[in-house]
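One structure is given here, and the rest of the page talks about it.
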Amino acid sequence: MTDAVPELWEQISRDFNRSASTDVWIRSFLRRVKDGTATSEEASVYAGRLGTHAGNALARALKKESLPDGKLNWNIADRTIRPLLTEVHRRVNDAAAAVLAACLLFSACGPNLFQTQAEERPPVVHADVDFSTLEYARPDLDALNAKIDTALEQVSAGDKEEETLALYDDILADISELDTMSAIAGIRYNIDLTDEYYEAEELALDEAYTRLDNRMNELTGAILESGYGKAARARWGDGFVERYEVNSKLNSPEIEELSIQEQALVSEYQKLSATEYTAERDGEAVTLNDLDLTQESDIALYYAIYEKRNAELGQIYRELVQLRVEIAKKLGYDSYTDYAYDLLGRDFTKEDAAAFSEKVKEYLAPISDAIYNRYYSDIAAAQARTDVTFDDGIPVLEQALKNGGYPAAMSDALTYMLEHNLYSFGGGANKMAAGYTTLLNRYAAPYMFVNTDYYTDPGTLFHEFGHYYNFYLMGETLWNDGNNLDLAEIHSQGLEVLMFDTYEDMYGEDASYIEYAQLMNLVDSVLQGCAEDEFQQSVFEDPDMPLDEMNLLHAQIYQDYMGYPLVYEWVDIHHHFETPFYYVSYATSAVSALELWADALENRDKAMQIYDKLTQYTINVEYLETLKKVGLSDPFSSDCVQRVAQALNDEMQLSGKPGSKAA
């Protein structure tokens, strides 16, 4: 007879961990435990809530129809109920001990005098899923909306506090399911941009989420303003409420139709961007991949192809600019740029970014010129000699994470990704030309997507795995949780530079030149990030700008930063279409990554400690405050741009000095 207990226990454990981890009151309580402000009364409530989640998980799993012979015998009870109660007991004891210790330390259970390291969250449980076998099913959106209707009715009734707050938790779990299905549909569409089914599903779920976000703002506000408000605040925590107060100003039913039009244009861009544009050579159609750019005739064909590509994709961008300006105005913003910065949760302004860009032009633009002038030929020759591919980076990363002083959890994350097929590598004509990492939320399962026809070297793997580890530590998120993009890019670029110590094994005698190439890329990321932010700010200040003027503007700005014009190719930057003003995060994070690289030159152990601390900040954290806590510099108010430039100048033995055009 087949032993039914392992499958039952897996279901019980997964169900319990999921429901406990999405309980907003528990998350808030654990934060207060961490900062020393939780009380013994709250610890008792915590025990009760864990018990409720445990009881519900057992009831859902140990049904008559799921038990052998329809009976719960001692063997099954001993191997399911006992370990679950043991886990509940352990968590309650740990919390109670922490509360008691805080009370003894501070005489009264008052606020902690010390900074917390990062927001406390329940233990992350990663589901045992295989992406290749995951089933997609469109969530029951009507049922979800009906639950919101019921919750609003219960708020109006005024006598169903516990039922309403419990239903709210249930709605949050349903939204997590919606997030998960949306991610699955999006990945499968990106793998094959000709798949009309998943294209339609992704659009439908994006539209549904836009409307649900407004309904959740309505429901959350109604609860907070009702007689249930005090209990809701205690259950959800101050952070949850503060995020609602901010996010509710960034969306509105008034912009729903505009947001749906916006997503449709983004989808059109994604599909069109995968198109192979052609020009004619000797009577035959040729693509970019057919060209030999050492030949002047082919260079002319390159520009002819990109002019066509720019004309079509650029027109979509112009339409997006018009829509986005209208969205910002309806929400009361004078500037779309200000709205976009708020939407990204930034704690710096467009003016801060502009001042940072001026420092970059002064100190890092000359360094880029110097690297190019001194090393370009050697780098190009080394890159031509190497046959190291993206896939070759996988065993290198595995060994580095096991033996290179990284946290054990990083190796666990890579093993989880590989064993559960939570990635899509390789290329193909219909695959989206992108590299990204996302989260299958309900399963706490990150997923890495890389088109290796476009991203061919191991550096991209290391970069994306920095994101993957961030999501792995983050686990399942709630409706209004926020992942800080500026920190996320340091997670990725920081790992890139720490992996430099594997280059000798991969590249042999060319290791130094490949490392210099990566450093040059990071410097260029800073310059390009600033250039693209300046370009977008200028376009949104003049939203009626014709496409030919946009192209000329981009060429001029690029000339200022990079030393050469780039006229048409900016339409390949999918961030401009999908997430406006994201790109400056590559600049700020690259400066921090270069600072980490400079620290590693002097003391690798210190740099590793900084990176490890940084990765613990996964969600609902402030960018600049986190930099300060982990030991990295504020790129806006400090001299780190100058110091990074000096470190590059010294390590790469460049002539001149940072800030000097003679460099």
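The values are calculated or read from the model by the stated rules, or taken from the named source; none is laboratory data. Given the structure is predicted, the values throughout are model-derived calculations rather than measurements. Cβ: placed from backbone, ideal geometry, glycine included. Neighbour counts: every protein chain shown. Keep in mind that these areas ignore ligands, DNA and RNA; they rest on the heavy atoms of the full protein, side chains included. Shrake-Rupley method; radii C 1.70, N 1.55, O 1.52, S 1.80 Å.
Restricting to region 454-484, give me the number of residues that are more than 11 Å from the chain's Cα centre (by Cα) and farther than 30 Å from Tyr507 by Cα.
Summing the residues that are more than 11 Å from the chain's Cα centre (by Cα) and farther than 30 Å from Tyr507 by Cα in region 454-484 gives 8.
Here are some conditions: (1) at positive phi; (2) without any contact (Cβ under 8 Å) to a residue 24 or more places away in the chain. Glu225 meets all but one. Which one does it not meet?
Just one mismatch for Glu225, condition (1).
Is there a residue being at pLDDT 75 or above, assigned to a helix (DSSP H, G or I) and within 29 Å of Ser424 (Cα to Cα) anywhere in region 112-132?
Yes; the residues of region 112-132 include at least one that is at pLDDT 75 or above, assigned to a helix (DSSP H, G or I) and within 29 Å of Ser424 (Cα to Cα).
From the list Ile187, Ile175, Ile223, which residue is farther than 19 Å from Thr477 by Cβ, surrounded by 16 or more Cβ atoms within 10 Å (Cβ to Cβ) and either modelled with pLDDT of 95 or more or among the aliphatic types (A, V, I, L, M) (or both)?
Going through Ile187, Ile175, Ile223 in turn, just one is farther than 19 Å from Thr477 by Cβ, surrounded by 16 or more Cβ atoms within 10 Å (Cβ to Cβ) and either modelled with pLDDT of 95 or more or among the aliphatic types (A, V, I, L, M) (or both): Ile223.
In the list Ala279, Ala274, which residue meets the criterion of being farther than 27 Å from Gly186 by Cβ and either in contact with a Pro (Cβ under 7 Å, 6 or more places away or on another chain) or among the small types (Gly, Ala, Ser) (or both)? Full working, then the answer.
Working: Ala274 fails: farther than 27 Å from Gly186 by Cβ.
Going through Ala279, Ala274 in turn, the sole match is Ala279.
Just wondering, is there one or more residues in region 245-266 that are among the acidic types (Asp, Glu), closer than 15 Å to Ile316 by Cα and open to solvent by 20 Å² or more (accessible area, probe 1.4 Å)?
yes
Consider region 630-645. How many of its residues are under 30 Å from Glu242 (Cα atoms), in contact with a Ser or Thr (Cβ under 9 Å, 6 or more places away or on another chain) and open to solvent by 30 Å² or more (accessible area, probe 1.4 Å)?
Residues that pass the stated criteria total 1.
Could you check region 483-496 and list, in sequence order, the residues that are among the aliphatic types (A, V, I, L, M) and either without any contact (Cβ under 8 Å) to a residue 40 or more places away in the chain or open to solvent by less than 10 Å² (accessible area, probe 1.4 Å) (or both)?
Answer for region 483-496, where residues must be among the aliphatic types (A, V, I, L, M) and either without any contact (Cβ under 8 Å) to a residue 40 or more places away in the chain or open to solvent by less than 10 Å² (accessible area, probe 1.4 Å) (or both): Leu487, Ala488, Ile490, Leu495.
Just to be sure before I move on: is Ser335 open to solvent by less than 60 Å² (accessible area, probe 1.4 Å), more than 30 Å from Ser259 (Cα to Cα) and polar (S, T, N, Q) in the structure I sent?
It is false that Ser335 is open to solvent by less than 60 Å² (accessible area, probe 1.4 Å), more than 30 Å from Ser259 (Cα to Cα) and polar (S, T, N, Q).
Look through region 438-465, keep the residues that are charged (D, E, K, R) and free of Cβ contacts under 8 Å to residues at least 40 places away in the same chain, and return whichever of them is surrounded by the fewest Cβ atoms within 10 Å (Cβ to Cβ).
The extreme case among them is Asp453.
Restricting the search to region 328-353, which residues are part of a helix (DSSP H, G or I) and more than 24 Å from the chain's Cα centre (by Cα)?
To start, the set of residues in region 328-353 that are part of a helix (DSSP H, G or I) comprises 328-330, 336-343, 350-353.
Matches in region 328-353: Lys329, Lys330, Glu351.
Out of all the residues in region 408-437, which are among the hydroxyl-bearing types (Ser, Thr, Tyr) and open to solvent by 40 Å² or more (accessible area, probe 1.4 Å)? Working first, answer last.
Going through region 408-437, the residues among the hydroxyl-bearing types (Ser, Thr, Tyr) turn out to be 411, 415-416, 423-424, 436-437.
Within region 408-437, Thr415, Tyr423, Tyr436 qualify.
Within region 279-301, track down each residue that is open to solvent by 50 Å² or more (accessible area, probe 1.4 Å) and either among the polar types (S, T, N, Q) or closer than 20 Å to Asp572 by Cα (or both).
Result: Leu288, Asn289, Asp290, Leu293, Thr294, Gln295, Ser297, Ile299, Ala300.
Let me confirm something: among Tyr611, Tyr617, which residue is in contact with a Ser or Thr (Cβ under 8 Å, 6 or more places away or on another chain), more than 18 Å from Ala353 (Cβ to Cβ) and buried (at least 21 other Cβ atoms within 10 Å of the Cβ)?
Among Tyr611, Tyr617, only Tyr617 is in contact with a Ser or Thr (Cβ under 8 Å, 6 or more places away or on another chain), more than 18 Å from Ala353 (Cβ to Cβ) and buried (at least 21 other Cβ atoms within 10 Å of the Cβ).
Conditions tested, residue by residue: (1) under 22 Å from the mean Cα position of the chain (by Cα); (2) open to solvent by less than 20 Å² (accessible area, probe 1.4 Å); (3) over 25 Å from Leu265 (Cα atoms).
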| residue | (1), (2), (3) |
| --- | --- |
| Ile148 | no, yes, yes |
| Gln154 | no, no, yes |
| Asp159 | no, no, yes |
| Tyr168 | no, yes, yes |
| Thr180 | yes, yes, no |
| Asp195 | no, no, no |
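A quick yes/no check of all residues on (1) at pLDDT below 95; (2) among the aliphatic types (A, V, I, L, M); (3) assigned to a helix (DSSP H, G or I); (4) open to solvent by 10 Å² or more (accessible area, probe 1.4 Å):
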residue: Asp481; (1), (2), (3), (4): yes, no, no, yes
residue: Met499; (1), (2), (3), (4): no, yes, yes, no
residue: Glu515; (1), (2), (3), (4): no, no, yes, yes
residue: Leu519; (1), (2), (3), (4): no, yes, yes, no
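Between a residue in region 322-333 that is on the phi > 0 side of the Ramachandran plot and any residue that is surrounded by fewer than 17 Cβ atoms within 10 Å (Cβ to Cβ), which pairs come within a Cβ distance under 9 Å, given they are 6 or more apart or on different chains?
Listed by first residue and then by second, the contacts come to Gly332/Lys249.
Restricting region 523-535 to residues that are of a type outside the set (Asp, Glu) and open to solvent by 10 Å² or more (accessible area, probe 1.4 Å), which is modelled with the lowest pLDDT? Please lay out each step first, then the result.
Pass one, region 523-535, residues of a type outside the set (Asp, Glu): 523, 525-531, 535.
Filter again for open to solvent by 10 Å² or more (accessible area, probe 1.4 Å), leaving 525, 528.
Details: Ser525: 94, Gln528: 97.
In this case the residue turns out to be Ser525.
Assuming Lys657 fulfils every condition listed in (1) at pLDDT below 95; (2) open to solvent by less than 20 Å² (accessible area, probe 1.4 Å) apart from one, which condition is it?
The single condition Lys657 does not satisfy is (2).
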